[in-house]
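Q: Provided herewith is a single structure, encoded as structure tokens, for subsequent inquiry.
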Amino acid sequence: MSQPIVEIKGLQKSFGSHVVLKNIDFSVQPSQVVVIIGPSGSGKSTFLRCLNGLETAEGGTVVVSGHPVVEGGRMMPETKLDALRAEVGMVFQSFNLFPHLSVLDNITLAPTCLRGVPRKEAQEQGLRLLKKVGLEHKAKDFPGTLSGGQKQRVAIARALAMDPKVMLFDEPTSALDPELVGEVLQVMKDLAAEGMTMLIVTHEMGFAREVADVVVVMDHGSIVESGPPSAIFTAPREARTRSFLQTMLAREVAHGA
Amino acid sequence: MNLDFSGVWDSWPALFHGTLVTVEITAASLVLGCVLGLLVGLGRLNPQRRFIYGICTVYLTLVRGTPLLVQLFLWFFGLPHLGLLLPAYVCGILGLGIYSGAYVSEIVRGSIQSIERGQMEAARSLGLPYRMAMRRVILPQAFVRMIPPLGNEFIALIKNSALVSLLTIADLMHEGEKIISVTYRSLETYLAIAVIYLVLTSATTLVLRRIEKVLRSEGRV
């Protein structure tokens, strides 16, 4: 195996006296698609947010794309984190598009501000990315006029504009109407097929089964088990995984998925 | 009752000049107040930065907690005792501007903190440093939300500026007093002055409404 692109050792995080992440060890190989599942409150989102320094970790070491985020329990200074974040894309449950900027300006903001890419060049790249997510015709619109699925696709394009080495998805489809989930998952599938390294927190079990190289099951701040989807979904070793999957399955059946 | 506006009418050049002075003083202190308010508002965003937060909080507490008239008198009558004799105009602008800045700072802080946390997180996740994220993402959105409370503050400032007449500044209020001392027509003169202040405040309201409408157009915030 080659050098891992994400390496996590002994990661710890708590909110006050509540321990959210307990001693997490994990690593991700380049081009791997890792899907993180688990009951709500299990620490999945916090785990993801520790990888680009949005959350302050209290223990352990995290190295992403060669940049240390936490080293021996010490957070790196903000200036170092800024350099890392420019190489790690993040997509949020609530999209967080910038409502005062047009769709295209949302995408070109970071490349023009941080990398000094000339405006015209950034716009051409922005339009290419919009085409990729099927929203070229929305370039001049403002986010307020888009549907949830369109917003999330723009958010993905915005993250891709910085040519990230790793993409983090924090429940990207959880805020969407059911009929809009598919269009966002399709964009993510395309990205995975292109070899993008992705870490995805999601409740979409079908997507996990189909696209993931590795499925990670989290509960109570720990990794319960991890492995290829074929193993996790058909022959889970842990009782907690089984009970979680049963709940999810019941839900999907109930929703006719 | 017998209203006679002829005395007021005859002194229109004085009233006109006084109005100009009021507009000048208000405009200058408004700019000072906004600059101060922006800096202090930003300075009070993060209590962990103790020094800056502390200074800004002391300023806010002192300025907001004492009467404007007392502050103006301190500038004008108090400072000379420390050997610092500032022109009345400067005292008026400093006094009003510093007073207004305290209120503006809370407007700035409140508007910034009302922007969803996800906006800053999204900007930082793209790699924008804090200041750049503030300037390019947060402040443009917060600015739109500042306009209604800023309108209140600007109107209060225009009206409060009448106090500088007590510092021998020949503003609208001061010119009115002079007219009364000659004509003894208090009712008519104060009515005329009130109307002029009303015109000034209404114009301010209209301009701000215009700005807000433009900023909110095109499906933005």
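The values are calculated or read from the model by the stated rules, or taken from the named source; none is laboratory data. Computed from a predicted model, the values in this text were never measured in an experiment. Glycine also receives a Cβ, built like all others from the backbone with ideal geometry; neighbour counts cover every protein chain displayed. For the accessible areas, the whole protein counts, side chains as well, though only heavy atoms, and no ligand, DNA or RNA atoms are used. Shrake-Rupley method; radii C 1.70, N 1.55, O 1.52, S 1.80 Å.
Q: Counting only residues that are among the small types (G, A, S) and within 16 Å of B:A28 (Cα to Cα), which one in the stretch B:64-108 is most open to solvent (accessible area, probe 1.4 Å)?
A: It comes out as B:A88.
Q: Would you confirm whether any residue within the stretch B:50-59 is in contact (Cβ under 8 Å) with a residue 24 or more places away in the chain and in a helix (DSSP H, G or I)?
A: Yes, that holds for at least one residue.
Q: Further question: Just give me the residues in the stretch A:135-184 being touching a strand residue (DSSP E or B) at 6+ places or on another chain (Cβ under 8 Å) and either away from chain B (no Cβ under 14 Å) or open to solvent by 40 Å² or more (accessible area, probe 1.4 Å) (or both), in sequence order.
A: Across the stretch A:135-184, the qualifying residue is only A:K165.
Q: Answer yes if at least one residue in the stretch A:87-100 is within 11 Å of another protein chain (Cβ to nearest Cβ) and on the phi > 0 side of the Ramachandran plot, and no otherwise. Steps first, please.
A: In the first step, residues of the stretch A:87-100 are kept if they are within 11 Å of another protein chain (Cβ to nearest Cβ); the result is A:87-100.
Okay, now just the ones that are also on the phi > 0 side of the Ramachandran plot, so A:95-96.
Yes, some residue in the stretch A:87-100 is within 11 Å of another protein chain (Cβ to nearest Cβ) and on the phi > 0 side of the Ramachandran plot.
Q: Taking the stretch B:1-54, which residues are touching a Cys at 6+ places or on another chain (Cβ under 9 Å) and open to solvent by 30 Å² or more (accessible area, probe 1.4 Å)? It would help to see each step written out before you state the result.
A: Residues of the stretch B:1-54 that are touching a Cys at 6+ places or on another chain (Cβ under 9 Å), as a first pass: B:39-44.
B:L39, B:L42 - these are the residues of the stretch B:1-54 that are touching a Cys at 6+ places or on another chain (Cβ under 9 Å) and open to solvent by 30 Å² or more (accessible area, probe 1.4 Å).
Q: Cβ-Cβ below 7 Å, separation at least six or inter-chain, first residue in the stretch A:69-80 and over 15 Å from A:L54 (Cβ atoms), second open to solvent by less than 50 Å² (accessible area, probe 1.4 Å) and part of a strand (DSSP E or B): which pairs?
A: A:E71/A:T61; A:G72/A:T61; A:G73/A:G59; A:G73/A:G60
Q: Out of the residues in the stretch A:101-134 meeting the condition of being among the basic types (K, R) and either within 13 Å of chain B (Cβ to nearest Cβ) or touching a residue at least 40 places away in the same chain (Cβ under 8 Å) (or both), tell me which one is farthest from B:R135 (Cα to Cα).
A: A:K132
Q: Also, quick follow-up: Within the bounds of the stretch A:57-73, is there any residue that is assigned to a loop (DSSP other than H, G, I, E, B) and either under 30 Å from A:F142 (Cβ atoms) or touching a helix residue (DSSP H, G or I) at 6+ places or on another chain (Cβ under 6 Å) (or both)? Don't jump to the end; show me each part of the working.
A: Here is the first cut: in the stretch A:57-73, the residues assigned to a loop (DSSP other than H, G, I, E, B) are A:57-58, A:65-66, A:72-73.
Of the ones still in play, those that are also either under 30 Å from A:F142 (Cβ atoms) or touching a helix residue (DSSP H, G or I) at 6+ places or on another chain (Cβ under 6 Å) (or both) are A:57.
Yes, the stretch A:57-73 contains at least one residue that is assigned to a loop (DSSP other than H, G, I, E, B) and either under 30 Å from A:F142 (Cβ atoms) or touching a helix residue (DSSP H, G or I) at 6+ places or on another chain (Cβ under 6 Å) (or both).
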